[in-house]
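The values are calculated or read from the model by the stated rules, or taken from the named source; none is laboratory data. Since the structure is predicted, the reported quantities are computational estimates derived from the model, not experimental observations. Using ideal geometry, Cβ is built from the backbone for each residue, glycine included, and neighbour counts are taken over all protein chains shown. Keep in mind that these areas ignore ligands, DNA and RNA; they rest on the heavy atoms of the full protein, side chains included. Shrake-Rupley method; radii C 1.70, N 1.55, O 1.52, S 1.80 Å.
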Amino acid sequence: MSSVSLKDLKVGEQGRVMGFGEGGKSYRRKLLSMGLTPGVEFSVTRYAPMGDPVEILVRGFRLSLRKDEAGSILIEKI
């Protein structure tokens with residue numbers, strides 16, 4: 001089990017949020033309010049044709065994140 005960023009996962013892979021990388025506190029607050037809290041599990045459902053954004057399934061809903069947003073989320077593959 002290694003800690004990587006969300007943008008490193010492929011479609012169909014699952015992960016668990018471990019924390020957040022360096023970045024603005026306001027952005028971290030936005031991610032937390034969307035349900036991306038430490039310990040929550042999710043799966044990658046698809047990428048846009050050009051690779052940005054990525055769509056994940058978390059807490060029963062689909063959430064789209066830009067690559068730079070996904071890059072700031074540290075995850076553990078499960």
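Values for this structure:
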read-out	value
Qualifying residue in segment 26-41 (condition: closer than 21 Å to residue 10 by Cβ and open to solvent by 40 Å² or more (accessible area, probe 1.4 Å))	yes
Hits in segment 27-36 - residues which are under 15 Å from residue 71 (Cα atoms) and either acidic (Asp, Glu) or assigned to a loop (DSSP other than H, G, I, E, B) (or both)	36
Selected residue (criterion: nearest to the chain's Cα centre (by Cα)) from residues of segment 42-60 that are assigned to a loop (DSSP other than H, G, I, E, B) and surrounded by 14 or more Cβ atoms within 10 Å (Cβ to Cβ)	53
Filter result (among the aliphatic types (A, V, I, L, M), open to solvent by 60 Å² or more (accessible area, probe 1.4 Å) and not in a strand (DSSP E or B)) within segment 61-78	78
Looking only at segment 1-26, and only at residues there that are outside any loop (DSSP other than H, G, I, E, B) and of a type in the set (Ser, Thr, Tyr), the one that is modelled with the lowest pLDDT	3
